[in-house]
């Protein structure tokens, strides 16, 4: 019969050896430090601690075997679990040194170095413990060519991955943060370990590629060109009818995209438009730009397409569509007339909301509405630029636009935001004066453009309107002066405020009206 006192005394003496409290305390301390400074590594840390606890419990089981007088089994189990516990401790120390201490000293070694050194420590620890237990593995391996060959053959893939990872790091072929394309996989390199390289794709997938595969096959590093900033050239295709000269198409599109503020589009090299091919009834064009952030590729392409569409619409250029022969009937003509009537009503309503046209009669409103041109702008498009001369105004029917004042050598300053129903550019239309502010589309904006030629006939037929309009323009100029004062005189953007009589004289001179 087993004496319980003697039994548990043997268990405690075999299990709780002199170094046990120090090792346990060290594990707890390492875990607390890593929990504090590496919260993103908590999941693998939990795994490591769980592995150590299993090893710790295994040593207790070996002590029970020892107390039951199963000495050989106890010794084998004890040594195996001591090796396992040492592996967990080495893993914790590796994480502390390479992920906490070295980064704190502004040294960030490659992840593969941590993996290799930790693995070498595992092997050394295992051989030391086995040698301590009376088993010399080095002698067995060196005296047995068969065992050596078997080990080498079984580890050839592992060795290939390790050597591949070392070569990638030594040659600086790829770095963490690079965007690469391997076969049909495109993504960002997020980790390079001893066995594999991890790539995160735009679809929120993580693809793990063995290092040996990267060394054996061709891969493409996207956006890297010497010491230049990371940026990738993208192509956006569109089609335009042959009736429009290619030079005009390219000029319209390039001016719009270069002058717009589009996120993730590089200023240098500048975007450029090229006629790439002739197809069935239209020319095939490409707008080429440089993407600075390789993640939002499709959204940026979409933004570019929106700017192209808006620019072509403003220029009266339609995108090419397949051509069909369609037999129209009278009902079709009625439909076209109904659509035109609804559009005319929409234009007149837009004019009525603008105080500049409040004195116009119904017939005069219809005449102006008939001459309006639909002019959409995409988010970030420059609607007008301070200092430019343009004899037209815009009526915003949907969306918002920001107004900025600019001064040489200073940052532009936000003045106000124009909501739906606002008007901008009235001084340019009525007096020919340069633009007094820069207006940029805050969102996608729909506008109607009113040119001087459309309004000229109305002024000539009823010159008295000029006096009423000049009063409205004087009030708007005074409001602009107040806004400038709110920004502060130190901004250096204040402009003289023309009075009613001065504005009236400019209108008459600009439109060639006789003095009243």
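The values are calculated or read from the model by the stated rules, or taken from the named source; none is laboratory data. Remember, it's a predicted structure, so these values are computed and weren't measured experimentally. FYI the Cβ positions are ideal-geometry reconstructions off the backbone, even for glycines, and counts take in every protein chain you see.
For region 212-270, a residue qualifies if it is in contact with a helix residue (DSSP H, G or I) (Cβ under 7 Å, 6 or more places away or on another chain) and at pLDDT below 85, and the qualifying residues are 212, 214, 215. Is there a residue being assigned to a helix (DSSP H, G or I) and modelled with pLDDT under 85 anywhere in region 319-326? No. Scanning region 97-128 for residues that are surrounded by fewer than 18 Cβ atoms within 10 Å (Cβ to Cβ) and either in contact (Cβ under 8 Å) with a residue 40 or more places away in the chain or not assigned by TED's automatic domain parsing to the domain that holds residue 52 (or both) turns up 100, 113, 116, 119, 125, 126. Residue 60 fulfils the conditions (1) modelled with pLDDT of 85 or more; (2) under 18 Å from residue 88 (Cα atoms); (3) touching a helix residue (DSSP H, G or I) at 6+ places or on another chain (Cβ under 8 Å) except for a single criterion, (1).
Conditions (1) surrounded by 15 or more Cβ atoms within 10 Å (Cβ to Cβ); (2) in contact (Cβ under 8 Å) with a residue 12 or more places away in the chain; (3) under 25 Å from residue 379 (Cβ atoms), marked per residue:
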residue	(1), (2), (3)
181	no, yes, no
187	yes, yes, no
210	yes, yes, no
226	no, no, no
235	no, yes, yes
244	yes, yes, no
253	yes, yes, yes
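Residues are listed down the side, and each one gets a yes or a no for (1) within 55 Å of the chain's Cα centre (by Cα); (2) surrounded by fewer than 19 Cβ atoms within 10 Å (Cβ to Cβ); (3) more than 30 Å from residue 191 (Cα to Cα):
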{"position": "18", "(1), (2), (3)": "no, yes, yes"}
{"position": "36", "(1), (2), (3)": "yes, yes, no"}
{"position": "42", "(1), (2), (3)": "yes, yes, no"}
{"position": "64", "(1), (2), (3)": "no, yes, yes"}
{"position": "69", "(1), (2), (3)": "no, yes, yes"}
{"position": "73", "(1), (2), (3)": "no, yes, yes"}
{"position": "85", "(1), (2), (3)": "yes, no, no"}
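Checked against (1) over 27 Å from the mean Cα position of the chain (by Cα); (2) surrounded by fewer than 20 Cβ atoms within 10 Å (Cβ to Cβ); (3) assigned to a helix (DSSP H, G or I), residue 249 passes all but condition (2). Of all residues in region 390-409, those satisfying the criterion of being under 28 Å from the mean Cα position of the chain (by Cα) and either free of Cβ contacts under 8 Å to residues at least 12 places away in the same chain or surrounded by fewer than 22 Cβ atoms within 10 Å (Cβ to Cβ) (or both) are 398, 399, 400, 402, 404.
Inclusion of residue 407 among residues that are touching a helix residue (DSSP H, G or I) at 6+ places or on another chain (Cβ under 7 Å), within 21 Å of residue 474 (Cβ to Cβ) and either in a loop (DSSP other than H, G, I, E, B) or outside the structural domain of residue 354 (by TED's automatic domain parsing) (or both) is not warranted.
Evaluating residue 476 against the criteria (1) free of Cβ contacts under 8 Å to residues at least 40 places away in the same chain; (2) surrounded by fewer than 19 Cβ atoms within 10 Å (Cβ to Cβ) leaves one unmet condition, (1). Just to be sure I understand the filter: pairs with C-beta atoms under 7 Å, separated by 6 or more residues or on different chains, first member in region 1-15 and more than 8 Å from residue 67 (Cβ to Cβ), second member at pLDDT 75 or above and surrounded by 10 or more Cβ atoms within 10 Å (Cβ to Cβ). Which pairs pass? Every condition considered, the pairs that remain are 15/59; 15/60; 15/63.
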